[in-house]
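Participant: After the structure tokens below, expect a handful of questions from me.
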Amino acid sequence: IDINIVRRFQRAKHSIDNHLLLGKISINAMSSKPRIDLLVIGSGPVGLSAAIEAQRLGLSCRIIERKDKRRSNDSRAVIIHPRVLELLEAHPRIIQDIDERAGKISHLNIELVTENTTISIAREEQRFGDTDYASLCALPQYLTEKSLEDELNEGGGKVEYGIAFESLAQLTEDEVTATVVQLASGEKEDITAKYVMGADGGRSSVRDCVGINLDRHSSSVLFALSDVKIAENSPDKKLPGFHIMLTEGGPCAMIPLLDGTIRFFMQAHEGILRDDVTLDKEFFEKHLREMTGKQFTLELGEWQTIFEVTHGVSDAYRNGRVFLAGDAAHVHSPIGGQGMNYGIWDAITLVSKIAWAERVLADHPEAKDAAEEILASYAEERHSMGRELVSKVKLATSIVTTRNSYLQKFRNALMQTVVPFVDKDMMRTAGQLDLAYKPSYSRFILPAPTYWFSSKSYICQPGQRLPNLVLEDGSKLYKQIDRVRHTWICINVMEPTDAVERCIRVTPAKEQTSVPAISKETLASPQAILVRPDLFVAAVDDSFEKLESAVKSIFGEQCFGAI
């Protein structure tokens, strides 16, 4: 049996099932007035992630792109983190593609050039914990986009190239009309959608159109990037793994990709103007030699760029039924490789919440306030997370790029002292596995209950990533989690007497790999957990009845009924 035929059948069945869950209102509305559920503007990794999730969840969707075709040499983002691979697990073919195409970073080496010291961090020594993706992956952005677009095409969707966003109007509370133009012919079209997502980059036209401001703060730092190959006769060719060199002139980094290609980026020399520089072989070799003292003969690929590092977060992530995601909502330096990963996370979160809101409206057409609460939680959660991201990356960038000799000496001494104590957790932390929402971010994340007379312990807290426990039969917990709707998990507690959808009772194995470690006492404690489709915990308690009662009270009947 052709496995691709089986996958297409499974995907089609899943989409039909979800249309039945979501579709009563959508089908009736479309019969009286043609419109779609979601219009995505921009077909980078963020826009494509939204489109394939909409397709999977049974939402009608169009995705437009002003470019006339996808570039096959535009690298830009190259790091894919474990957390994002977990979020994309509902698309097995994408996971397989990335696994086959991406380079796995074996080492992270931080060379302090002025100290003649290298701090080496090996992947096999890292505490990735319970994730199934124990590595940082390196893949040029155009190949990540190809995997996402192939998934979209296989599901019957397509990117509409050569179509530019022009304007939009929100004339009613439950739909948006966007005017787009076919660039080749000049022909205009009005697209009516329930929701619009702007994934059109740091200079977002959608953001400007709805009056949301993103105040960029310049760092006065220029980064020059290129994908290169190093000649065999280069004296310093052998640099294992991901190699960062901190020099007096700023950072240089080399990230190994497949087929011998290396993503190279460096801080441009002081006084260089972006518009007056020629990014050729001589430029990169000369600056690399002057900064590091190393001699490389480079073969440049088709793609080079130089840009000024800026940082900023938009004032809001939505205006009515128009939402922002990715660079349209937050911009920052590439230090840490967080941008594309956060953007994909934005997109998956938004589409999941749109699907939830649509289920509420399908059952209760009058429940617009309840649906609004769900949609508002996207902006609350992701805006808060975006502010924290930009703040951390801005600080890290200033530390890495400083040219003040005294600050460099202090930084280098601090790194040599501190890194040996945290080096085993650096890849997990960079891989977004420790990130969590605070309950204050959203009404749909309940604070853990507290009891005066006793202390309770749970395998995780609300807002945290659900640990991917090893179960008694050797399987992993994530395989049992629903990726469309919330899942109830019972550990050491009785299941409800009445039938409850998506309620599972699991028995953890005695030995676990989670980080931080989960004690045997905690594993033996009674606990009920409500986990979201994105694998974050919404609520916990020590019995199913208590948990269900608390969730129903806080969520409200209409939102609760559609989780």
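Participant: Would you mention how many residues in region 424-453 are of a type in the set (F, W, Y) and modelled with pLDDT under 95?
Facilitator: Result for region 424-453: 4.
Participant: May I ask you to list the residues in region 89-140 that are more than 17 Å from the chain's Cα centre (by Cα), polar (S, T, N, Q) and either under 19 Å from D434 (Cα atoms) or open to solvent by less than 20 Å² (accessible area, probe 1.4 Å) (or both)?
Facilitator: Of everything in region 89-140, those that are more than 17 Å from the chain's Cα centre (by Cα), polar (S, T, N, Q) and either under 19 Å from D434 (Cα atoms) or open to solvent by less than 20 Å² (accessible area, probe 1.4 Å) (or both) turn out to be N109, Q126.
Participant: Let me ask you something else. Given (1) open to solvent by 30 Å² or more (accessible area, probe 1.4 Å); (2) more than 28 Å from the chain's Cα centre (by Cα); (3) free of Cβ contacts under 8 Å to residues at least 24 places away in the same chain, where does R203 come up short, assuming only one miss?
Facilitator: Condition (2) is where R203 drops out.
Participant: Right, next: Examine region 221-236 for a residue that is open to solvent by 20 Å² or more (accessible area, probe 1.4 Å) and among the hydrophobic types (A, V, I, L, M, F, W, C), and state whether such a residue exists.
Facilitator: So far as region 221-236 goes, yes, one or more of its residues are open to solvent by 20 Å² or more (accessible area, probe 1.4 Å) and among the hydrophobic types (A, V, I, L, M, F, W, C).
Participant: Shifting gears a bit: Taking interchain pairs and intrachain pairs at least six residues apart, which have beta carbon atoms under 8 angstrom, with the first residue in region 406-420 and more than 12 Å from E248 (Cβ to Cβ) and the second of a type in the set (D, E) and part of a helix (DSSP H, G or I)?
Facilitator: If the second residue must be of a type in the set (D, E) and part of a helix (DSSP H, G or I), the pairs left are Q416/E115.
Participant: Considering region 255-285 alone, what residues qualify as being at pLDDT 90 or above, open to solvent by 80 Å² or more (accessible area, probe 1.4 Å) and in a helix (DSSP H, G or I)?
Facilitator: Answer for region 255-285, where residues must be at pLDDT 90 or above, open to solvent by 80 Å² or more (accessible area, probe 1.4 Å) and in a helix (DSSP H, G or I): K281, E282.
Participant: Identify the residue in region 413-440 that is open to solvent by 30 Å² or more (accessible area, probe 1.4 Å) and of a type in the set (K, R) and, among all such residues, is farthest from G337 (Cα to Cα).
Facilitator: K438
Participant: Can you name the residue in region 398-412 that is open to solvent by 50 Å² or more (accessible area, probe 1.4 Å) and part of a helix (DSSP H, G or I) and, of all such residues, is nearest to A122 (Cα to Cα)?
Facilitator: Here the answer is I399.
Participant: Considering only residues that are of a type in the set (D, E, K, R) and either in contact with a helix residue (DSSP H, G or I) (Cβ under 8 Å, 6 or more places away or on another chain) or in contact (Cβ under 8 Å) with a residue 60 or more places away in the chain (or both), look in region 286-308 and name the one that is most open to solvent (accessible area, probe 1.4 Å).
Facilitator: Checking each candidate, the answer is E302.
Participant: Here's a follow-up. For region 493-549: of the residues being under 23 Å from L446 (Cα atoms) and of a type in the set (D, E), which is surrounded by the most Cβ atoms within 10 Å (Cβ to Cβ)?
Facilitator: My answer is D541.
Participant: For residues that are open to solvent by 10 Å² or more (accessible area, probe 1.4 Å) and over 19 Å from the mean Cα position of the chain (by Cα), scanning just region 34-58, find the one that is nearest to M197 (Cα to Cα).
Facilitator: It comes out as I36.
The rows are residues; the columns are (1) farther than 30 Å from V309 by Cβ; (2) at pLDDT below 95; (3) in a strand (DSSP E or B).
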position	(1), (2), (3)
S135	no, yes, no
T144	no, no, no
L148	no, no, no
L152	yes, no, no
A164	no, no, yes
A169	yes, no, yes
T179	yes, no, yes
R207	no, no, no
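Participant: Here's something else I'd like to know. Of the residues that make up region 372-382, is at least one under 17 Å from the mean Cα position of the chain (by Cα), open to solvent by 10 Å² or more (accessible area, probe 1.4 Å) and under 22 Å from F555 (Cα atoms)?
Facilitator: For region 372-382, residues under 17 Å from the mean Cα position of the chain (by Cα), open to solvent by 10 Å² or more (accessible area, probe 1.4 Å) and under 22 Å from F555 (Cα atoms): present.
Participant: Tell me which of these L395 doesn't satisfy, since it passes every other one: (1) over 30 Å from A550 (Cβ atoms); (2) open to solvent by 70 Å² or more (accessible area, probe 1.4 Å); (3) in a helix (DSSP H, G or I); (4) in contact (Cβ under 8 Å) with a residue 24 or more places away in the chain.
Facilitator: Single failed check for L395: (4).
Participant: Sticking with this one: Tally time: how many residues in region 309-352 are open to solvent by 10 Å² or more (accessible area, probe 1.4 Å), under 14 Å from Y195 (Cβ atoms) and not in a loop (DSSP other than H, G, I, E, B)?
Facilitator: Final tally of qualifying residues: 3.
Participant: Please determine, by comparing only the residues of region 449-488 that are touching a residue at least 12 places away in the same chain (Cβ under 8 Å) and part of a helix (DSSP H, G or I), which one is surrounded by the fewest Cβ atoms within 10 Å (Cβ to Cβ).
Facilitator: Among them, the one singled out is Q480.
Participant: Scan region 170-186 and tell me whether some residue there is out of contact with any Pro (no Cβ under 7 Å at 6 or more places or on another chain) and under 28 Å from P334 (Cβ atoms). I'd like the intermediate steps shown before the answer.
Facilitator: Step one: list which residues in region 170-186 are out of contact with any Pro (no Cβ under 7 Å at 6 or more places or on another chain), which gives 170-186.
Then drop every residue that is not under 28 Å from P334 (Cβ atoms), which leaves none.
No, region 170-186 contains no residue that is out of contact with any Pro (no Cβ under 7 Å at 6 or more places or on another chain) and under 28 Å from P334 (Cβ atoms).
The values are calculated or read from the model by the stated rules, or taken from the named source; none is laboratory data. From a predicted model like this one, the values you see are computed outputs, not experimental measurements. Cβ coordinates were reconstructed from backbone atoms using ideal geometry, including for glycine residues, and neighbour counts include every protein chain displayed. When the accessible area is computed, the model is the full protein with side chains, heavy atoms only, and any ligands, DNA or RNA have been set aside. Shrake-Rupley method; radii C 1.70, N 1.55, O 1.52, S 1.80 Å.
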